[in-house]
1. Could you look through region 24-73, keep only residues that are in a helix (DSSP H, G or I), out of contact with any strand residue (DSSP E or B) (no Cβ under 9 Å at 6 or more places or on another chain) and loosely packed, with under 13 Cβ neighbours inside 10 Å, and pick out the one that is modelled with the lowest pLDDT?
2. Do we have residue 78 as under 13 Å from residue 120 (Cα atoms), open to solvent by less than 100 Å² (accessible area, probe 1.4 Å) and modelled with pLDDT of 60 or more here?
3. Scan region 125-133 and give yes if some residue there is hydroxyl-bearing (Ser, Thr, Tyr), part of a strand (DSSP E or B), modelled with pLDDT of 80 or more and closer than 17 Å to residue 45 by Cβ, otherwise no.
4. Which of the residues spanning region 96-122 are at pLDDT 85 or above and part of a strand (DSSP E or B)?
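The values are calculated or read from the model by the stated rules, or taken from the named source; none is laboratory data. Just so you know, these numbers come straight off a predicted model, no measurement behind them. All Cβ positions, even for glycine, are placed from backbone atoms using ideal geometry, and neighbour counts span all protein chains on display. Heavy atoms of the whole protein, side chains included, go into the accessibility calculation; ligands, DNA and RNA do not. Shrake-Rupley method; radii C 1.70, N 1.55, O 1.52, S 1.80 Å.
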Amino acid sequence: MRSILPLGLLLLANTVQAQDQPTLPDPQHGYFGRPYFENSSDSAEFMDFHAGLQWNETVTALDTTSRTYKLVWRENQHGGLRMVSRGNGSTLVRSTGTVRVGPMHDEGHFRTASGKHGILIAWETPCGMICRTASYYVEE
């Protein structure tokens, strides 16, 4: 009878999750913990931006509208750390029907809280840990 209580606690500890699943399409995103920012206003604005994202799992090939996107946020995920900085405003002209996915490249399509289209472009650098840069582009 004494061994049932510790066994039950061990079973509970191995089945209960301490946090919700990450909201991004990338399951590894949750391993980085809290992001680091240059200043507190970036922190608040990025968290509001990220909380309002609605991910689109399917992108139809029928939508051939060409859109211009601007880089608004860049997230560097290297070795368990996550550093977020504002985008430099560089542009990306893409059709929302085009999705390229390769071994070191991934794209995710989303809508912002204000309804604008967006693309998350992530690429990895081969290294011993997770080394990824994710860029959030939002249509003008």
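1. Per the stated criteria, the residue is 27.
2. No; evaluated as a whole, the condition is false for this residue.
3. Checked against the condition, which is being hydroxyl-bearing (Ser, Thr, Tyr), part of a strand (DSSP E or B), modelled with pLDDT of 80 or more and closer than 17 Å to residue 45 by Cβ, region 125-133 yields no hits at all.
4. Scanning region 96-122 gives 110, 111, 117, 118, 119, 120, 121, 122.
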